[in-house]
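Structure first, then comments.
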Amino acid sequence: MKGATKYCCYAAAAAEYCCPAAMPKTPVVPKTPVVPKTVLRDTTAKPGYRKGYVFQSKTHQPVDTTFAAAHTALDEITSAGDGYSRAPGEDGVGGWLAHRSDLGKPGSGPGLDWIDVVRSDPEGTVGASLDYVRGFRPAGAALTHPPRILVLYGSLREESFSRKMAHECARLLEAMGADVRVFNPNGLPVRDPALERHPKVEELRNLSIWSEGHVWVSPELHGSISGVFKNQIDWIPLSTGSVRPTQGRCAAIMQIEGGSQSFNCVNEMRKLARWMRMPCVTNQSSVAKAWQEFDEHGRMKDSSYRDRVIDVMEECYKFVMIMREHADYLVDRYSERKQVAALGRLSTIGDRNPAAGGR
């Protein structure tokens, strides 16, 4: 299949399938013991997972990038768990929970706590809530941990509207039960292969490996996504070795405008997601005249725009819950199984072009 229907996932050269009893096994790709200190790994085998590989730049050595590999290893990115804080550390890394007003309370935020209202409708005034989403489990689901979702936004301003909306998205997802991390793009250098060991680059890439889904929020500038947002996407490798490290992760897309509503950014982001082999949530959000839609605390006001944001996050949560169970099986590719049969492994960029050392 081609285009948006070609949903690829982690490593067609695998040791196990999501449905191991129903499908034959392929040869196991040998692992390398060489692992950068910040690469997420899990040394425990998890039943039901296949083994996928992403490759370190320059050396093209395989590193496990399956959901299992990243299950409990995110603490390796920081020396003392500083990432789970409201502000980055001295090296600029962390601050993944900046959206919370109470660090110990998922979904919390400043000002009016409208998230709690849509979560449970405690006074019965709305007639709808997100309570049922928390209990959603696909039939036959093998995974029990909360869905892991990475949120990216496209501005460096502290008071940017894309940042405010990204934080609202994070709160909503936490209210549904997701494990959410928001990446702060401040300090991320402009894409340069010579800077691939920069702390912010490693942080972003490892958060992407950790994730099972992404939420993308960009302001519209000159009819397209912002340079800040595109720079983050450029730093996530499109193809490292033989597989895309983002393949199989769902993406939810949203944009912010200062003026009238358009869909330029979300259309561009769908194209990016397709190229990165990420299935997109079918719904999307475009918030016009954003300066009218947020209060002094950075919270979205009650409106049809806010309802749409809630809809998109609800669909994102459900998409991730469903896709993470079956993505490996759904996108297992004949051509890659053929490579493994011939070479005993997947071919890499180095095999196809020895001079390739990064774009």
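Please verify whether the stretch 197-218 includes one or more residues that are surrounded by fewer than 24 Cβ atoms within 10 Å (Cβ to Cβ), of a type in the set (Phe, Trp, Tyr) and either more than 14 Å from the chain's Cα centre (by Cα) or within 24 Å of residue 317 (Cα to Cα) (or both). There is at least one residue in the stretch 197-218 that is surrounded by fewer than 24 Cβ atoms within 10 Å (Cβ to Cβ), of a type in the set (Phe, Trp, Tyr) and either more than 14 Å from the chain's Cα centre (by Cα) or within 24 Å of residue 317 (Cα to Cα) (or both). In the set (1) within 23 Å of residue 234 (Cβ to Cβ); (2) hydrophobic (A, V, I, L, M, F, W, C); (3) surrounded by 19 or more Cβ atoms within 10 Å (Cβ to Cβ), residue 97 fails one condition alone, (1). Among the residues of the stretch 153-198, those identified as in a loop (DSSP other than H, G, I, E, B), within 23 Å of residue 303 (Cβ to Cβ) and of a type outside the set (Asp, Glu) are 154, 155, 157, 160. If you filter the stretch 114-139 down to residues that are touching a residue at least 24 places away in the same chain (Cβ under 8 Å) and in a loop (DSSP other than H, G, I, E, B), you find that the one that is surrounded by the most Cβ atoms within 10 Å (Cβ to Cβ) is 130. With respect to (1) assigned to a loop (DSSP other than H, G, I, E, B); (2) loosely packed, with under 14 Cβ neighbours inside 10 Å, the lone exception for residue 91 is condition (2). Residue 219 meets each of the listed conditions (1) farther than 18 Å from residue 88 by Cβ; (2) assigned to a helix (DSSP H, G or I) apart from (2). Take residue 264 and tell me if it is under 30 Å from residue 116 (Cβ atoms) and open to solvent by 20 Å² or more (accessible area, probe 1.4 Å). The answer is no for residue 264.
The values are calculated or read from the model by the stated rules, or taken from the named source; none is laboratory data. None of the values given here were measured: they were computed from a predicted structure. FYI the Cβ positions are ideal-geometry reconstructions off the backbone, even for glycines, and counts take in every protein chain you see. Side chains included, ligands, DNA and RNA excluded: accessible areas come from the protein's heavy atoms. Shrake-Rupley method; radii C 1.70, N 1.55, O 1.52, S 1.80 Å.
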